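K.L.:
My structure is below; once you've seen it, I'll send some questions.
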Amino acid sequence: MSRRDFLQGAAFTLAAAASGLAPNIAFGAGLDGERAAQDQPGYYPPLRTGMRGSHPGSFESAHAIRDDPTFLKGAEEAGEAFDLIVVGGGISGLSAAHFYRKAVGPDARILILDNHDDFGGHAKRNEFQVGDQRLIASGGTALISSPTPYSPIADGLLKHLDIHPEKLTKDTYDKGRDKEFNLGAGVFFDKETFGEDKLVPRTGGYHPSAEETAKFLAQAPLSDAVRNDILAIETSSKDYMPGLSADEKKDRLSRMSYADYLLKVVQADPAVIPFYQRATDLYWGCGIDAISALDCWGIGLPGFDGLELPPTATARMGYTPGKQMETGGSYTYTFPDGNASIARLLVRDLIPAAVPGNTVEDSIGARTDYAKLDQSGNPVRIRLSSTAAHAMNTEDGHVQVTYLRGDKAYRVKGKQTVLACWNMMIPFICPELPQSQKDALRTLVKTPLVITSVALTNWRAFAKLGVSYIDCPGGYHAMIQLGQSMDIGDYHSAKSPDEPIMIQMIRTPAQPGLGEREQHIAGRNELLATPFSTFERNIRSQLNRALGAGGFDAARDIAGIAVNRWPHGYAPEYNALVDPDEGLPLITARARRGSIAIANADSGGGAYTDVAIDQAHRAVTELLSAAQDA
Ligand SMILES: Cc1cc2nc3c(=O)[nH]c(=O)nc-3n(C[C@H](O)[C@H](O)[C@H](O)COP(=O)(O)OP(=O)(O)OC[C@H]3O[C@@H](n4cnc5c(N)ncnc54)[C@H](O)[C@@H]3O)c2cc1C
């Protein structure tokens, strides 16, 4: 549906609502007479393929609100009242519901609104049925892993859900497969960027020896000059900044990009840049021309050994490298569907009948019953495909939230609300906020990226080529990864190369040469303008080219594709190259106003699940303290 079609359709409905649709204001009634899509038999979005993530139908009304502030003129009174209305059904919004209910009691009436056809926000599940095999993958938030240890609040929530990452790591991973098939990393050099299509295995993991690097480079389609420069960057102990103290070096590194460091300080051949260009993509959704050399040192990119920098963070480092260096980071664990399992367990905690079962292990195979999410008898209700369009404090100290669902707008009342949605949208839906806060919120724009799940009927090509992870420095997707080998509950990943398996590919649609934020604007526009057919063509071609030498044939081996498109992906992190010294304006942006509080990972300046949980807890605490003080 084009924006014009949408606006015309909505204008008609809103006019009809304003001109006399009788409001139903009986408590607890409202939508119950209607049967929403999520209540229909067979509704099961994890099995949907094609364009997922911000799928068609999930964002058009939000963009209409952004583009036309007068868009929302009237709405139908839904006749519902809640203690808490949560906008955003991601991990932050679901956690906010959990913390609120824990504090207020099990009878607290909570409504969670989300614009997508599934809950979880970025923490989504993709499923495929290939023969008699049910394959599961993450559609976004992939792993429990953070640059800081999970706080007592976030760790406490995991424990409450019975998630124990260290124990799960021990009990569920199977390290045997990669050893048996000698699977490791590789780099796919593409013809357009490097003159030749070639997959070159790279041994040595994150810390290859000089010999391993030399062996890898000898096979790479690169000139001798470029090979020598890359070898020097990766192995040399030369001090490229002689005469400066460690603090001075760090300060200088924080004021230049890694690309400039390699070109101007290390004085490498410009042809080394394409090899490293996307080394930062998985961290910040853009390349090394937009990220500071200091942050690249912080995440372990090569070329800094001879500078002998003490491993301590500075104020001019980004959240990820800075916190990792300060604290050593968190435990890590990956469920088959990533942190969608956390979202599903939160939903089970809030609405037990919706995700049947009792243990973490049995939750993996449990099929969510979406018809149970929004039942009038339940204190907690999750309403999907519902975009909050307006939120305001009312004179009685409560809140009113208006949301769009299908072609209708509805008004609901709450005592309080947590806006756990993408923060940059809040100025549009909450116009009463002070201008300074709206300006601050507008700076918190997420990073676009795509995580593509591809179901394969077999992985013989990976086994033959000895790779499970492929960097693609010039590819449409920046990396290709074979699903991990694990057994949890009744979920068993493929053991034989003849069995079906999931792979994941990540694309970061940045525009090198611009500042980080401008790269993301360009990337977001590109994502929204790119049809699924373009993704599909590129996926098939990239896999054929990277794995063709192992006998891969996309026409035969691909069983299904879900492109999880996230124009608003990672929460923004401080970047010393483009942000003011004082950092992102998080405190101003997330200030509570009346009965409206703000959460989401955006409010914490770090794109991590523990941040999303901590911010939910802060927002709920603010609301409850304010209510107590009133
Ligand atoms: C591809 C990808 C991979 C990631 N990998 C990891 C990882 O491995 N580990 C990690 O810790 N973190 C990862 N992250 C970061 C991830 O964002 C957080 O971990 C966490 O899932 C964020 O939760 P959230 O609830 O704050 O935000 P979100 O997940 O974005 O949820 C917010 C929800 O609010 C909805 N919303 C927005 N506006 C409205 C509105 N007006 N009305 C109704 N609903 C609205 C959004 O559509 C969304 O569903 C990843 C993110 C992406 C995009």
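The values are calculated or read from the model by the stated rules, or taken from the named source; none is laboratory data. The model shown is predicted, which means the values in this text are computed figures rather than measured ones. Note that we place each Cβ from the backbone using ideal geometry, even for glycine, and neighbour counts take in every protein chain shown. Calculation scope for accessible area: heavy atoms of the full protein, side chains included, ligands and nucleic acids excluded. Shrake-Rupley method; radii C 1.70, N 1.55, O 1.52, S 1.80 Å.
K.L.:
Taking a 1.4 Å probe, which of Leu161, Leu282 shows the most accessible area, and what order do the others take after it?
P.N.:
Ranked list, largest accessible area first: Leu282, Leu161.
K.L.:
Put +1 on the Cβ of each Lys and Arg and -1 on the Cβ of each Asp and Glu in the chain; which of Leu217, Ala389, Tyr100 then has its Cα farthest toward the positive end of the dipole?
P.N.:
It is Ala389.
K.L.:
Suppose accessible area is computed on protein heavy atoms with a 1.4 Å probe; arrange His160, His63 from highest to lowest.
P.N.:
In descending accessible area the options line up as His160, His63.
K.L.:
Next question. Counting only protein heavy atoms and a 1.4 Å probe, tell me what percentage of the chain's accessible area is made up of carbon and sulfur.
P.N.:
On the way: 12900 of 24620 Å².
It is 52 percent, rounded to a whole number.
K.L.:
Quick one: 3J(HN,Hα) in Hz for segment 239-250, Karplus 6.51/-1.76/1.60 with θ = phi - 60°, rounded, Gly and Pro as x.
P.N.:
8, 7, 10, x, x, 9, 6, 4, 5, 5, 4, 4
K.L.:
Okay, moving on. If you average the sequence gap of Cα pairs under 8 Å that are 6 or more apart and divide by the length of segment 254-362, what percent do you get for the contact order? Please list the in-between numbers first.
P.N.:
Details: 84 pairs, mean separation 21.2, N = 109.
The value is 19 percent.
K.L.:
Considering the options Leu307, Gly285, Asn339, tell which one lies farthest towards the positive end of the dipole of segment 282-361, charges being +1 on Lys and Arg and -1 on Asp and Glu at the Cβ, about the Cα centre.
P.N.:
Going by the Cα projections, it comes out as Asn339.
K.L.:
Now for a separate question. Based on Cβ point charges of +1 for Lys and Arg and -1 for Asp and Glu, what charge dipole magnitude is obtained for segment 403-554 about its Cα centre, in debye rounded to the nearest 20? Mind showing how you got there, number by number?
P.N.:
Values: 17 positive and 13 negative charges, 114 e Å.
Computed charge dipole of segment 403-554: roughly 540 debye.
K.L.:
Express in nm, to one decimal, how much length is gained between Leu282 and Gln511 on full extension, taking 0.36 nm for each residue of separation and deducting their alpha carbon distance.
P.N.:
Full extension from Leu282 to Gln511 adds 81.0 nm.
K.L.:
Whose amide H sits under 5 Å from the amide H of Gly474, counting only residues 5 or more places off or on another chain, with H placed in the peptide plane?
P.N.:
Asp190
K.L.:
May I pose another question? Any idea what the relative contact order of segment 350-504 is, in percent, if you count C-alpha pairs under 8 Å spaced at least 6 apart?
P.N.:
Once divided by the residue count of segment 350-504, the mean separation gives 17 percent.
K.L.:
For segment 54-134, what does the alpha-carbon gyration tensor say about shape, rounded, prolate or oblate, given a ≥ b ≥ c as the root eigenvalues, a/c under 1.5 as rounded, and a/b over b/c as prolate? Mind showing how you got there, number by number?
P.N.:
Numbers: a/c = 2.40, a/b = 1.12, b/c = 2.14.
Judged from the Cα gyration tensor, segment 54-134 comes out oblate (a/c at least 1.5, b/c at or above a/b).
K.L.:
Quick one: which residues, 5 or more positions from Ala559 or on another chain, have an amide H under 5 Å from its amide H? H modelled 1.01 Å from N in the peptide plane, none for Pro or chain starts.
P.N.:
Sorted by chain and number, the residues that satisfy this are Ala455, Leu456, Thr457.
K.L.:
For Arg255, put the label point 7 Å out on the Cα→Cβ axis and report which residues of segment 575-615 keep their amide N under 16 Å from it.
P.N.:
Counting backbone N atoms under 16 Å from the label point, the list is 576-582.
K.L.:
Right, something else. Quick one: net charge of Glu77's neighbours, Cβ under 13 Å, K/R +1, D/E -1?
P.N.:
With Lys, Arg at +1 and Asp, Glu at -1, the neighbours total +1.
K.L.:
Same structure, new question: Percentage of Cα-Cα pair distances in the chain greater than 50 Å, rounded to whole percent?
P.N.:
Tail fraction, whole percent: 11.
K.L.:
Tally Lys/Arg at +1 and Asp/Glu at -1 over every other residue whose Cβ is under 9 Å from the Cβ of Gln400; what's the total?
P.N.:
+2
K.L.:
Oh, and also: Can you give the net charge of the other residues whose Cβ lies under 12 Å from the Cβ of Lys372, counting K and R as +1 and D and E as -1?
P.N.:
Here the charged neighbours net out to 0.
K.L.:
On to the next question. Within straight cross-link reach of Lys124, meaning Cα distance under 22 Å, which lysines are found once same-chain residues fewer than 8 apart are removed?
P.N.:
Lys159, Lys372, Lys446
K.L.:
Okay, next question. What FRET efficiency would be calculated for the residue pair His164, Thr49, taking the C-beta separation as r and a Förster radius of 30 Å, to the nearest 0.05?
P.N.:
Plugging the Cβ-Cβ distance into 1/(1 + (r/R0)^6) gives 0.35.
K.L.:
With θ set to phi - 60°, apply the Karplus curve 6.51 cos²θ - 1.76 cosθ + 1.60 along segment 374-390 and write out the HN-Hα couplings as whole Hz, x wherever there is a Gly or Pro.
P.N.:
Values, residue by residue: 10, 9, 4, x, 8, x, 10, 10, 10, 10, 8, 6, 10, 9, 5, 10, 7 Hz.
K.L.:
What ranking of Tyr240, Tyr44 comes out by heavy-atom accessible area, probe 1.4 Å, highest first? Don't skip to the answer; put the middle values down first.
P.N.:
Values: Tyr240 35, Tyr44 10 Å².
Putting Tyr240, Tyr44 in descending order of accessible area: Tyr240, Tyr44.
K.L.:
What number results when the radius of gyration of segment 136-292, computed over Cα atoms, is divided by 2.2 N^0.38 Å?
P.N.:
Details: Rg = 20.0 Å, N = 157, 2.2 N^0.38 = 15.0 Å.
Working it through for segment 136-292, the quotient is 1.33.
K.L.:
Rank by packing, highest mean first: peptides 335-344, 203-212, 305-314, with packing defined as the count of other Cβ atoms within 10 Å averaged across residues. Let's see the in-between values first.
P.N.:
On the way: 335-344: 27.6, 203-212: 12.2, 305-314: 13.9.
So the order, starting with the most tightly packed, is 335-344, 305-314, 203-212.
K.L.:
Right, something else. Shape of segment 261-355 from its Cα gyration tensor (a ≥ b ≥ c, root eigenvalues): rounded if a/c is under 1.5, otherwise prolate when a/b > b/c, or oblate?
P.N.:
Working: a/c = 3.71, a/b = 2.18, b/c = 1.70.
Here segment 261-355 falls in the prolate category.
K.L.:
Still on this structure, please answer the following. If amide H atoms are built 1.01 Å from N in the plane of the peptide, which residues on other chains or at least 5 residues away come under 5 Å of the amide H of Ala388?
P.N.:
Those lying under 5 Å, H to H, from Ala388 are Leu404.
K.L.:
On to the next question. Quick one: putting +1 on the C-beta of Lys and Arg, -1 on the C-beta of Asp and Glu, what dipole do you get for the chain around its Cα centre, in Debye to the nearest 20? Walk me through the numbers on the way to the answer.
P.N.:
Working: 62 positive and 76 negative charges, 159 e Å.
It works out to roughly 760 debye.
K.L.:
Could you grab the relative contact order for segment 168-305? Cα pairs under 8 Å, six or more apart, rounded to a whole percent. Walk me through the intermediate numbers first.
P.N.:
Numbers: 147 pairs, mean separation 27.2, N = 138.
About 20 percent, as a whole number.
K.L.:
Of Gly406, Ile65, Ile488, whose Cα points farthest to the positive end of the dipole of the chain (charges on the beta-carbon: +1 Lys, Arg; -1 Asp, Glu; origin at the Cα centre)?
P.N.:
Gly406
K.L.:
Convex hull over the Cα atoms of segment 344-422, averaged projected area in nm²? It would help to have the intermediate numbers written out before the result.
P.N.:
Working: hull surface 26.4 nm².
For the Cα atoms of segment 344-422, the hull's average projected area reads 6.6 nm².
K.L.:
Here is a further query. So if I place +1 on the C-beta of Lys and Arg and -1 on the C-beta of Asp and Glu, and nothing else carries charge, what would the dipole magnitude of segment 50-102 be about its Cα centre? I want it in debye, nearest 20.
P.N.:
For segment 50-102, the charge dipole is close to 340 debye.
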